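Working notes, structure below.
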């Protein structure tokens, strides 16, 4: 796995960042945390109640955490906040990047419009959950358990060959964008 590119030609970022948020844009409550939060042992935090996620069961979580920690080490970050569990919808945006919204007729709330997407998790990468610098989508797939038994029979892995693993055959396994108050540096 190569270091992720946060901006064309840039693999490092600088700036104070912003606090971790949940999918509604509110300051996130960290429900579960694993790891020391250092560059050698990055912390993986969950900004949602993991016990309610049917895809990220307790026996599958260690496999994904191992891959996220590896990604954090390659990025020079000490923490990965998993903002949203595996999902296959993305917010719809204009060509200039503006979020398209509409009023939900049932709730009356203004919500982002969504489109179908490859399965992915939404993450924030940072030094700590109060100073998130990079947000992104990490595309995932279900793979056979490399250790066979005990369960689970399938584990969640980060795409390593997206041209073969994505339905749309795009060569994209991750996409990142900078959080507010952060700039890309060389």
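The values are calculated or read from the model by the stated rules, or taken from the named source; none is laboratory data. A quick note: this is a predicted structure, and the numbers were derived from the prediction, not measured. All Cβ positions, even for glycine, are placed from backbone atoms using ideal geometry, and neighbour counts span all protein chains on display.
So, restricting to strands (runs of 3 or more DSSP E) that lie completely within the range 83-128, which ones have at least 2 residues that are touching a residue at least 12 places away in the same chain (Cβ under 8 Å), over 20 Å from residue 179 (Cα atoms) and touching a strand residue (DSSP E or B) at 6+ places or on another chain (Cβ under 6 Å)? Don't jump to the end; show me each part of the working.
On the way: elements: 101-103, 110-112, 114-126.
Strands (runs of 3 or more DSSP E) meeting the threshold: 114-126.
Considering the range 47-82, the residues that are within 14 Å of the chain's Cα centre (by Cα), modelled with pLDDT of 85 or more and not in a helix (DSSP H, G or I) include one that is surrounded by the fewest Cβ atoms within 10 Å (Cβ to Cβ), namely 77.
Checking the condition surrounded by 14 or more Cβ atoms within 10 Å (Cβ to Cβ), within 16 Å of the chain's Cα centre (by Cα) and at pLDDT below 75, which residue from 178, 124 passes?
Numbers: 124 fails: at pLDDT below 75.
The conditions single out 178.
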